[in-house]
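**Q** My questions will all concern the structure given below.
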Amino acid sequence: MKTGYTEAAGHCLICSGARAGRDIIVVVLGDSKAGVWRDASALLSWGLWSLNNNGSPSRPALTGVAEHMR
């Protein structure tokens, strides 16, 4: 996990998770101080729990996430 902040980039977080032999990496850029943790958690949860055994999504993509994070 790596956190960071600059005026230009805002609050940023890079983190990873693993489940059932799959690893994912989440990158959140330009978020608020509290939002970076909330949004990273939501993305990790979605990514770790939404894949079928063949690696394809079993749930629809997170529609509108990019707009929410702005």
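**Q** Could you order peptides 34-43, 11-20 by the average number of other Cβ atoms within 10 Å of their residues, highest first?
**A** Going by the mean number of other Cβ atoms within 10 Å, highest first, we get 34-43, 11-20.
**Q** Continuing with the same structure: Let's test the formula: R0 of 25 Å, r as the Cβ-Cβ distance of A8 and S50. What FRET efficiency results, to the nearest 0.05?
**A** 0.20
**Q** Could you pull out every residue, at least 5 positions away or on a different chain, whose amide H is within less than 5 Å of the one on H11? Hs are placed 1.01 Å off N in the peptide plane, and Pro or chain starts have none.
**A** Result for H11 returns G30, D31.
**Q** Report relative contact order for the stretch 1-52 in percent, whole number only (criteria: Cα-Cα under 8 Å, sequence separation at least 6).
**A** Across the stretch 1-52, relative contact order equals 30 percent.
Each reported figure results from applying straightforward, stated rules to the coordinates on display, with no laboratory input. The shown structure was predicted, so the numbers you read here are calculated from the model rather than taken from an experiment. Note: ideal-geometry Cβ built from the backbone for every residue, glycine included; neighbour counts use all protein chains shown.
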